Every structure is written in structure tokens, then in C-alpha cells.
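Okay, so here's the structure we're looking at.
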Amino acid sequence: MNLPTDFITRTKLLLGGEWEAFAEALESASPVSIRINDSKEGKLSYPKVPWSDSGYYLAQRPQFTFDPLFHAGCYYVQEASSMFIEQAFRQYADGDVRVLDLCAAPGGKSTLIVGLMNGNSLLVSNEVIRSRANILSENITKWGKPNTVVTNNDPSRIGKLHGYFDFILVDAPCSGEGMFRKDEGAIQEWSVDNVRLCKERQQRILADIWPALKTDGLLLYSTCTYNTEENEENVQWICEELGAEALPIETKAEWGISPSFREDIPAYRFFPHKTKGEGFFCALLRKTNTEEVSHKRKKDKGRMSKNIIPVECKMYVKDNELFTFCPKNDVWFAFPIRLYDDLSLIKSQLNVISEGICLGEVKGKDFIPNQSLALSTGLNTEAFTTCEIDWKMAVAYLRKEPLFLEGQPKGYILLTYRRMPVGFVKNIGNRANNLYPQEWRIRSAFAPTEEVRII
Ligand code: SAM
């Protein structure tokens, strides 16, 4: 690996006698790990990621694209070190919480956190870059948790929700030193100047979002880089300039996690020669300064709507008495009723990309069910005719090819693969129209001959 000379000099100073082992680890292959969606899947028999209840290592990288259960949101392919944020959340977050994942695309940490939250808690998953916000929304939809809103806003805009959030995750854009092994591009973009620019940008992001955290609320700051400027120095800056204390997270010695480079600042570091994963840094902070709380809310349009949801559509959702149903033009959404006021507030202040369960669209006398409903953990499968398909047909479905379903009635049919919902078709007799979202379809022309099974 052709590392920048300045990076070598600086990192040798940090690591001292560990440099040789570190440099050697950078030459080895990246471990492959997945995290299962425990609302959809049970435990697996693969080796565990020690700091995550649902993380597993795979022996090699399979072709995830051709596993229908990957598209069904049964698991997420996530680098193992970053799963450590689970410990911070488990050890400190409690009860019903409002959580913001500020820099969330493509969705690794959001899908992890929402799995740890109870159903009365709300996750706002935000991404500032629009194209990335769409990818985030796709991954959140596949994960299927109804208590989630995806937004596309600059941190300064969300910062106006004064004192609103109990827990904020800032997985900051950084110089990416911890990704050198996985991503050649990160090496090309690295420079001492860029480290400085990243540090300044991180401070801007943190200052902008800080007012949205309530007093005593928690902020988890993380990066995938090694230098102290973007890590310990920023944690110190948060404590001194914004008003916070850094909190210890319990770890086990056998996990191989390294301590902070500053004795006075509790923080957690992952190095590839010590832990099975990529480079990662995180610190948990509790806000100590007080802020004025003010939430301006526009009139609640959803609840005032005169539109009436087609009666059978409520049946599409399990425990539908726990949901409120609201339209946007002809498209209907379901959202947990206990979080509805929160949703109204967020919609009045932020640019929302997706929310809760998108049920589908009314077209004349027809109601076209949406993919979000098929993949939601709130789906009532009994409300639909289901048809179990094999792997070949599931891949054809995910490529958005028309299908032929033998012996099935006409109308909307929920397809399942290994008993897991993958999406809807409209069976019109001689063929079934494929309702899989065009922008999600498998584009690769490659066709493996054997079934890809990971879980
Ligand atoms: N948390 C994500 C996950 O686990 O999948 C990875 C996030 S990545 C490290 C950082 C994200 O910050 C990127 O999606 C990037 O687009 C976003 N970003 C870039 N500039 C930003 C800014 N000025 N404010 C907020 N987010 C920004």
C-alpha cells in the first residue's frame, strides 16, 4: 500500500512501537461483516462481532447483490468496528428517546440504532447530500422500522429544533485514514491540509447541531480516522466550547479496543492490528450547558385532512390502532400514533424525504401497495395473497422483469422468498406486473448460476 509520507510520519509518532504491526495489518484483507435485522431474522451461527449482539463475521465477501434477503432488509453489510456505537447506546440511552443521526447515509448506524430503540422512540435519520439521502431512504425503508423519518437538511437547519433531541449521533465526514485498506480513493485524497479542513468542518457541524440537543442529552461523536486533530482535539473542543463532559463506555479487555491518546478524555479507538475491523474513533458526550427550548409548529395538515383512507388499507398494517393514517395527495402513509406530534413538528421545520410506512397510492378504484409496506415490520401479511417464489424468480423480480405466476388469482400479490416478503406484483392472468421500484432494481448484467445464501 502506497501511504502518503506525511501520514506515515504522523501516525508513527502516535503509535510508537505499534507502527510495524499496524502497517502490516493494512496490507491484509479487510474483514467482512454483517449485522442482522433482528425484527426479521434470528441468530446466526457465524463468528460474532464481540461488541454487537447482531454483528457477525463472514469468511469471505459473497455477492450480496444476488441474495434476495439482502434486498429484503434482513441484514446490513457493515464494517465491524463501527458497530461499537451499540455499546454507547445500550449503556446510556433509556426509555422513550428522540434520536437524530445527523450524517446518516448510507444508513449503517441508523439501522443499528433504530434496532436498539423501543417502538415509542423516534429516529430522525438525516443526510445533507440529496443523492445520498435517497440511498439512505432506500436502506431505511428496507430495514422496515415505522418509527423513522428520513430528512435532507443542513445541520444548521436542524439546529433550530432547540433542545429537541435526547441523543444525537454525529458520524462526521472525515479524512478517512481508517478506510485506507478498503478504499484506495481515501489515500489519494489525504493530505495534512485536508485533515485541517476536515477538523474545521467537523467543528462547524457540531456547533450547528448543538442547540438541538437537550441539556443532559447525549452526543456520540465518531470518525473513521486516526489523527488526534479530528478526534481527541475535537472532543476537547466540544467540552470546552460547547459545554459537555465525555463519558466512559464499558469495554472488555479481550475486545482489543485502544484507549484515547489523551488520558483526560475517555474515547475509544479501533486499529486493524488489534481489532477485527477498520479504523474507527468514538466518544460519548453529555451536554452540560442549558439552552432555551422553543418549538414552532405549523398547523397539522395530516390530521385535518378530509381524505378518507380506503377502509381495507388499514388492515394492511398489524396493530393498526397504534398508527395514524395520513395522505400526501393520493399516497397514504402510516405512522405510530404516539409519535404523530413529533412527525408534525419535523415536517413543519425540515425537508422530509420519507416517513413511517408508505402504504401505497389510490388510483381510481385501485389501491397500489408500495414497496415500503412490503418490507415494513408493520406489514400484516394476512391482508394479502402471498406467493412463495424460488431464488431464480426472486432475482428476476429484483431485476424488475415481468413474471409469470402459475395458479395465482388476479390482483395484488405479495411475493415471499424463504418466507420473507420481497415485494408486490399485480397479477393480470397471462403475466404479473412487477411493482419493484425502478430505481432499486439490480442493474448488474451478471447472472450467477448458483443460489447465493448468506443467512
Ligand atoms: N453514518 C453513516 C453510516 O454509518 O452509514 C456514514 C456517514 S459518512 C462517515 C459521513 C456523511 O456526512 C456522508 O454521508 C456525507 O455526505 C455527510 N456530510 C458531508 N458533509 C457534511 C456536512 N457539511 N454536514 C453534514 N453532513 C455532511
At the level of C-alpha centres, the distance separating segment 63-100 and segment 334-368, in angstrom, is 23 Å
Any chymotrypsin sites (Phe, Trp or Tyr not before Pro) in segment 320-420 that lie in a DSSP loop and have at most 16 other Cβ atoms within 10 Å would be PHE404
Applied in sequence order to segment 50-66, the curve 6.51 cos²θ - 1.76 cosθ + 1.60 (Karplus, θ = phi - 60°) yields integer Hz couplings, x standing for Gly and Pro, of x, 9, 9, 5, 10, x, 9, 8, 9, 6, 8, 8, x, 8, 3, 3, 9
Quick note on SER39, SER131, ordering by fewest other C-beta atoms within 10 Å, gives SER131, SER39
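How high is the relative contact order of the chain, in percent, counting Cα pairs under 8 Å that sit 6 or more residues apart?
Across the chain, relative contact order equals 15 percent.
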Links exceeding 29 Å between C-alpha atoms in this model, out of LYS314/LYS426; LYS48/LYS214; LYS145/LYS214; LYS40/LYS109, come to LYS48/LYS214
The exposure ranking of ILE454, ILE129, ILE36, fewest beta-carbon neighbours within 10 Å first, is ILE129, ILE454, ILE36
Diffing segment 39-44: the Karplus 3J(HN,Hα) column from phi (6.51, -1.76, 1.60, θ = phi - 60°), in whole Hz with x for Gly and Pro, holds 7, 10, 10, x, 5, 10
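Would you kindly give the portion of the calculated P(r) for segment 313-455 that falls above 24 Å, as a percent of all Cα pairs?
Counting every Cα pair in segment 313-455, those more than 24 Å apart make up 38 percent.
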Counted neighbours (other Cβ, 10 Å), sorted fewest up, put ARG269, ARG262, ARG130 in the order ARG130, ARG262, ARG269
The simple spin-label model distance between LEU26 and ARG399, using points 7 Å out along Cα→Cβ, in nm, is 4.1 nm
Of all DSSP beta bridges having both residues in the chain, the percent classed as antiparallel (nearest 5) is 70 percent
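Every number in this text was worked out from the coordinates using simple rules, so none of it is lab data. All values derive from a computational prediction rather than experimental measurement. Note that we place each Cβ from the backbone using ideal geometry, even for glycine, and neighbour counts take in every protein chain shown.
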